[in-house]
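These notes concern the structure reproduced below.
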Amino acid sequence: MTREHLHVVYIRPSTYDDEGYVIRFWRGVLPSNTLACLQTLTKSVAENELAHADVTVELLDDTVQRIPVSRIARMRREGTQVVVGFAGVQSNQFERASDLALEFRKAGVQVMMGGFHVSGVLGLFDKPTHELERLLDAGVSLVRGEAEAPGALAAILEDALMGEMKPIYNILDFPDLKNAPVPRMLGDLQKRFVSKEMATIDTSRGCPFNCSFCTIINVQGRKMRYRSSECVLKAIEENHAEGIRVYFFTDDNFSRNPVWSDIFDGLIAMKARGINIIFMMQVDTNAYKIPGFVEKAEKAGCYLAFIGMESVNPVNLEAIGKQQNHVHDYAEMVETYHRHNILVHVGYIIGLPDDTRESVNRDMDVLRNEVKVDFASLFMMVPLPGSKDHWRMMQECVPTDADYNNYDGLHETFKHPKMAPGMWRKAYDEAMHSLYGKENIVNTLLRTPAGRRDHMYWVSIWYRYCTLEGIHPMATGIYRLKDRKSRRPIFGRENVVKYAWRRAKDAVHGFRRYAGMFFEFEEIWMLTREPDDPRWKTLAALRTRWAEVQQHVADCNLRGRYDDAVQELKAMLAAASEHMTQLARGSRLSCIGRRRLRRMVREVESFSKKFDLQLPGWRKVVDAEQYIGERIVAGYEETAIRYVATRRRMTNYRHDFFQRLATGRVWVVDLLKVPYAVLLEILLACRFSVRVFTLNK
């Protein structure tokens, strides 16, 4: 008797850019935990509950590979059923997932869709909304809830095997995860990501808090459900044998997992046996207060904590129900993680009710110079379907963007009460540039512990690139691909000539962007490469003090308290003079370097005396700020650290040369300098490349 065969295809959908092209990359950054969960769960169900049929599983990721609709449709034949499942669909992925689902349905393939958008909408409203009705009318099955519920996935696959899938599968129970199959690595799909050694795993689900913007509490509940530590540790050890050494624990709040201590203890024991695992985790702002949590996390191999900070404005935190966050504890929290060699990456929302363009700029100063986080992922406020904010807006008939493709944290999806249209996005862009501009990157790297410096450097490159391109770091990969045929239907397909011209412009733009960043990070590397050396320690002290003074001076100027600003600047001048005097007495500088540094000290003392002249307060402030930034900080960098002055001189020459070239004002003397400039650039680039790409590995 011929056995029935079911081929299950799970797809992680991507999203569209503003020109309608699918956002897809040659290499992705983070593998999908949902795909890993469903693959492992489906294989377990096939072995234990569908033994009468042959079940095969195929994983596809739209963010790194083209979806072969025709090939999958051709797999349908006598004795073989095919079902395509769109997994973990977020609201900003819904439009792309819907377009693909309709393509599959036209080809006669069974389709089901689950994830946060479907589960969130079905959980909040009495009946499916219009976008879900459109899918139901096309024969797409909707899955609400978690597939690990007893018998849930087996029933769905049994229906798919019979070719009789139901319109809606309501999985209302939150399943016990203690003995649920633990997600394993993605096999061949793993090769399409930057690191083949990195995987994701969720050890628990749910969150005990009640934030109004979050969909977790509606979709996964407020009660923590968790996998047994034995299952988790066994999966990690088995994956290690396959080459997986880095993890992202995707739990929305790992610190509230009742068995976090057991998992840490197991990882510590593995390390003693030579199995070294490192990981990043998501926790709340109060996790550092749990006795032993941070200490054990360090010993277990944690290198980064992602924390939902959301805002440094208490009014905003109250508005979104983030009552567990206490702004006055933020700096202590970050310092606690830093003492244990753990980087701090925070989630931060731009566009909360009390935000203005000016207040966001001030808040970024606090985040950079007082709280001193290492990274911040910024998101524009989005009323995600499934959240309390979305439900409230629907009840109050607040106009929101009807295009869910824009619900990605980069678009204005409703009218902000305090920012005019367009100003909200400008506030977001300015915040990104303040966090990932050259100055703050240098300051952050100078205070980063030695063991985390390489990671900080490479991630800073990543975030700087995303800032310049205006894209979100969490939705990016290596080398953007634009398939002419993978375009949103409402845009239409471009002809070959127009498409080729578009890609040519993309290539030129990309080359200029990468080249500019190469030179920029060459200088950043020079300024941060040896933080333990006295010269770099002095630079770190100067930059840290200057950043703090700038913030205080800005606050004083805002209030018209110019005398207080003057006192801050005088203290900065005195501190700069003292730092440079102490360094000049040391032996790490050459004789010429010490003489130049002593000359700078005399200049600072001379300026300080002139600074006491009876000028208007605001004029003193302007003069002192310009002098400290251009002569003291930048001057010290060029004096104490070799090649910095050369790098800046060559950068200025290059910019000036291309400006002259564009306006037709190139002189013979400019052309005579080109061979020398090219040779020097090659020497600097080779030195930088060898040190960064080879010695720092």
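Derivation of every value follows stated rules applied to the coordinates shown; laboratory data play no part. Bear in mind the structure is a predicted one, so any value in this text is a computation, not a measurement. Positions of Cβ are backbone-derived with ideal geometry, glycine not excepted, and every protein chain shown enters the neighbour counts.
Taking R0 as 30 Å, what's the FRET efficiency between ILE275 and ILE478 from their Cβ-Cβ distance, rounded to 0.05? Once rounded, the FRET efficiency stands at 0.55. Reported value for the chain: 191 Å³ per residue, from the convex hull of its C-alpha atoms. With a ≥ b ≥ c the root eigenvalues of the C-alpha gyration tensor of region 523-677, is it rounded (a/c under 1.5), prolate (a/b larger than b/c) or oblate? Taking the square roots of the gyration eigenvalues as a ≥ b ≥ c, region 523-677 is oblate. Other residues within the sphere of radius under 11 Å centred on the Cβ of GLU19, judged by their own Cβ, net out at 0 (K and R +1, D and E -1). Restricting attention to the chain, give the cysteines that have no other cysteine Cβ less than 4.7 angstrom from their Cβ. Here CYS37, CYS207, CYS231, CYS302, CYS397, CYS466, CYS556, CYS591, CYS686 come out as lacking a disulfide-compatible partner, given the Cβ-Cβ threshold of under 4.7 Å. Show which lysines lie in cross-link reach of LYS196 when reach means a straight Cα distance below 18 angstrom and same-chain residues fewer than eight apart are skipped. Filter leaves LYS697. With the biggest extent put first, the Cα atoms of region 337-493 measure 51, 42, 26 Å across the principal axes.
The lysine pair count for region 534-642, using Cα distances under 19 Å and pairs eight or more places apart or on different chains, is 5.
Taking 0.36 nm per residue of separation and subtracting the Cα-Cα distance, full extension of the segment from LYS485 to ASP176 would add 106.9 nm. So what does the Cα-only Debye profile of region 171-242 read at q = 0.13 Å⁻¹, as log10 I(q)/I(0), no solvent term? Each listed q corresponds, in turn, to -0.51.
Taking 0.36 nm per intervening residue step and subtracting the Cα-Cα distance, what contour gain separates ASP623 from ALA138 on full extension?
That pair, ASP623 and ALA138, stretches by 167.7 nm at full extension.
Straight-line cross-link partners of LYS299 among the lysines, defined as a Cα under 21 Å from its Cα and at least 8 positions apart when in the same chain: LYS234, LYS271, LYS289.
What dipole magnitude, in Debye to the nearest 20, does region 346-386 give about its Cα centre under +1 on Lys/Arg Cβ and -1 on Asp/Glu Cβ? Display every interim value, and only then the final one.
Details: 4 positive and 7 negative charges, 20 e Å.
About 100 debye.
Geometric descriptor of region 269-379, per residue, is 94 Å³ (volume of the convex hull of the Cα atoms).
What is the order of PHE86, PHE264, fewest Cβ neighbours within 10 Å to most? Don't jump to the answer; show the numbers that get you there.
Values: PHE86 28, PHE264 22.
With the fewest neighbours first, PHE86, PHE264 line up as PHE264, PHE86.
Note on region 4-170: percent of Cα-Cα distances in each 5 Å bin, starting at 0 and stopping at the bin with the largest distance, equals 1, 8, 19, 23, 22, 15, 8, 3, 0, 0. Per-residue ellipticity at 222 nm from helix content only, as computed over the chain with -39500 (n - 2.57) for each DSSP H run of at least four residues, stands at -15500 deg cm²/dmol. Here's the picture: charge each Lys and Arg Cβ at +1 and each Asp and Glu Cβ at -1 in the chain, and of LEU671, MET381, GLY28 the one pushed furthest to the positive end of that dipole is LEU671. Put simply, region 67-130 fits an ellipsoid with semi-axes of 26, 12, 9 Å; these come from the alpha carbon gyration tensor as the roots of five times its eigenvalues, largest first. Note on PHE658 and ALA575: the extension gain reaches 25.9 nm, defined as 0.36 nm multiplied by sequence separation minus the Cα-Cα distance.
Rounded to the nearest 0.05, the FRET efficiency derived from the C-beta distance between VAL246 and GLN323 at R0 = 35 Å is 0.55. Just to confirm the filter: which trypsin sites (Lys or Arg not before Pro) across region 422-465 are DSSP coil and have at most 16 other Cβ within 10 angstrom of their Cβ? For trypsin sites (Lys or Arg not before Pro) across region 422-465 that sit outside H, G, I, E and B with at most 16 neighbouring Cβ atoms in 10 Å, the list reads ARG447. Ranked by how many other Cβ atoms sit within 10 Å of their own Cβ, fewest first, the residues LYS43, LYS485, LYS372 fall in the order LYS485, LYS43, LYS372. Couplings for region 410-421, taken from phi via the Karplus curve 6.51 cos²θ - 1.76 cosθ + 1.60 with θ = phi - 60°, read 10, 10, 7, 9, 7, 7, 6, x, 10, 10, 5, x Hz in order; Gly and Pro are left as x.
Mind jotting down a quarter of the surface of the convex hull over the alpha carbons of region 169-318, in square nanometres, one decimal?
Seen from a random direction, the Cα hull of region 169-318 projects 10.6 nm² on average.
Checking the a/c ratio against 1.5 first, then a/b against b/c, what shape does the Cα gyration tensor give for region 450-508? It comes out prolate by the Cα gyration axes.
Note on the chain: dipole from Cβ charges, positive end direction compared against PRO531, PHE657, VAL64; the farthest Cα belongs to PHE657.
Here region 403-438 is scanned for amide nitrogen atoms under 15 Å from the site 7 Å beyond the Cα of ARG392 along Cα-to-Cβ, giving 414-418. For LYS127, the lysines whose Cα comes closer than 26 Å to its Cα, not counting residues fewer than 8 places off in the same chain, are LYS106, LYS166, LYS223, LYS388. Which chymotrypsin sites (Phe, Trp or Tyr not before Pro) in region 423-530 pass both tests, a DSSP loop state and at most 15 other beta-carbon atoms within 10 Å? Sites meeting the loop and neighbour criteria: PHE491. Prolate is the label for region 326-385, because a/c, from the alpha-carbon gyration tensor with a ≥ b ≥ c as root eigenvalues, is 1.5 or above and a/b exceeds b/c. Simple point charges give the picture: +1 on the Cβ of Lys and Arg, -1 on the Cβ of Asp and Glu, and for region 223-366 a dipole about the Cα centre of about 520 debye.
Put a plus charge on the Cβ of each Lys and Arg, a minus charge on the Cβ of each Asp and Glu, and nothing anywhere else: the dipole of the chain about its Cα centre is then about 3060 debye.
Per residue, the average separation of C-alpha pairs within less than 8 Å and at least 6 apart gives the chain a relative contact order of 11 percent.
Once you reduce region 416-432 and region 532-550 to the center of their Cα atoms, the two points are 32 Å from each other.
For region 534-642, relative contact order (Cα pairs under 8 Å, six or more residues apart, normalised by length) works out to 35 percent.
Shown for SER377, SER606, SER98: other C-beta atoms within 10 Å of each C-beta, ranked fewest to most, produce the order SER606, SER377, SER98. Which residue, VAL83, LEU124, GLY114, has the largest displacement toward the positive end of the dipole of region 37-133 when charges sit on each Cβ (Lys, Arg +1; Asp, Glu -1)? Checking the options against the dipole of region 37-133, the answer is VAL83.
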